[in-house]
Structures are given as C-alpha cells and as structure tokens.
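These notes are about the structure you will find just below.
Here, each number is a calculation from the coordinates, and none is a lab measurement. Everything numeric here is computed off the predicted structure, so don't read it as measured data. In this analysis, Cβ positions are derived from the backbone assuming ideal geometry, glycine residues included, and neighbour counts consider all displayed protein chains.
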Amino acid sequence: MSSINLGTSSWQFDEWRGVFFPTGLTRPHYLTYYAGQFNSVEVNTTFYGLPRPATLLNWIESVPSGFSFCLKFPRAITHEKRLEDCTQETLVFLDVLRSLGPAAAPALLQFPPDFTRQTYGRRLATYLDWLAGEMSGLRLGVEVRAPDLMTPAFAAYLAERGLAYVLVDRVETVDAFGFWWALVEQGKTPPFALVRWIGDDKDGPKGNDALVSPRDQQLDQWAVRLVQLQQRGLDVYGYMHNPYEGHSPASLRRLQERLAQQTTLQPWPPEDATGAPPTQMALF
C-alpha cells in the first residue's frame, strides 16, 4: 500500500518546549525527539541557505530509517534570480537532495505571489522543461501563488513533466484538489502528492504552542482526500504549519486520528528504530 507521510514545517520551534518537546530538551536534541513522533519534516531553512555536508549527515544519523526530509528550493533561485541564470544553483541543490538518498521526500519549489504567468510564463516553462530532465531519481512539487498559475492547465503542464502541483490549504489560495484529482483519476500524475496546510499565515494564530483555532471540517475533508490519493497508489507527503490551528503537532495528531478511522497508518517509530547518540547531532 502507498504511504502517508506527515510532518510539520520545521522541528526547530523553541515554543514547543513543555508542550510537544519535554521541558528540559535542548535544541541539539529536537530532531531526534521529533523523528520519534512523525515520519517526515519540511525543511524551510534550505530556502535561506544550503546545509553543510556534515549537517546533512547528522540529520540522517539522528532519525530512524524511513524518515524523510522535504527540502525547499533556495530563494536565490525563485525569489532573487527569478529562474534567470541559476543553473549552477539548481544543480547544487539537486546534489544536496541526492545526498539524502532514501531520506529525501519530494522537494518544494515555491514561487512568490508576484511570480505570474503573464510576466514570467516563458521563463518558467523553459526552466521547468530543463529541470524535469535533471530530476532523475528525485521528486518535486511546485507551489504557485499567482492566480494565473493556480489553474488546471498549469497543473496538467506539471503532471506531463512528472512534477506535482502542490496542494495548499491557505487563505487566498485556490483549492486545487479538484483539478489535481481529475488528473489522478486519469492516471496522468506522478506517483506522489505534496500537501501543505498553512491556514492564515498573516493574521492567524500566533505563539505556535497551543491549538486555538480548530478547523474540524477541513481536517475531516483532508483525511478523506489523503485516503483517496493513497488508494490510487500515490505516496502522500503532507506538512502542517503552526498558523493552521495554532500548534502544528496537535493538528497533525487530530488529522492522524481521522485517518486511522479510514486506513491503516504505518506504525511510527519503527520497532527497530534507534536514535543517534547526542554527540552525533550538529544541526544548523
């Protein structure tokens, strides 16, 4: 059966101490503890700079087999250079992904709201056509925030190239599940799906340490959707952000409870899981 892999947008929230993390847990031990609770994580820090090889090694040594990291493309590629003259930066990032081996979840290529089809469409098409040819052995999801790219046509364009349209539950973002699901039913998508639950990241819950704005109806709906994708043979990777309900680990637990009523979730952590000793951890 295909897998459902769930995590949060990071493991590095100090506000989680005493709520998710044990009170006395120090930052170098966050990842090992986190990886005993969830089987994947989104790594937003790669948006700002790539980790050193020693850091990547320490990540892998700090988590059980089967855990995965969803790395975000550097902002130098998407936000600063706007895909122009960024071949070298892209290849370096792909090398980082490959160095994770089986611990690499689908990577996230995210564009800002002002990256529109009208202004950058030709450049985007050229880049994605090239990138699809460089992705051997890797998986990639593309997230867009410009209305003229949040369309069935662009989703189909991505699917034709083996790329996933990232499904995002966020204020002022199109609910794309319907048109992506249509492609799934036609057998036209890659064998994975990438989902992000963000909510209201501008005016939503703050503090990161308490569930203050429940979204029961949305979680009910997403549980059904994830099982649908799984039953169609897609491996699902989904990442919860704190603003969605106020405290992403609690939101994930609530989603897992709903999923457990409809499908069999992979036991986690694995029975043979062994964490790395503290001396091996050196996060960035």
Kirkwood Rh and Cα Rg combined as Rg over Rh, evaluated for the range 101-245: 0.97
GNM top mover of GLY246, GLY187, GLY66 - the chain, alpha-carbon springs below 10 Å: GLY187
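Evaluate the Kirkwood expression for the hydrodynamic radius of the range 22-125, namely the inverse of the mean inverse distance over all pairs of different C-alpha atoms, and round to one decimal in Å.
15.2
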At most 15 other Cβ within 10 Å, DSSP loop - trypsin sites (Lys or Arg not before Pro), the range 51-146: LYS81
Computed over the chain, Cα set: Rg, Dmax in Å: 18.2, 52
The range 58-173: radius of gyration and largest Cα-Cα distance (Dmax), Å: 14.5, 45
Estimated [θ] at 222 nm from DSSP helical runs (n ≥ 4, -39500 (n - 2.57)) normalised by residues in the chain, nearest 500: -10000 deg cm²/dmol
As computed over the range 168-235, the Cα convex hull volume per residue (Å³): 99
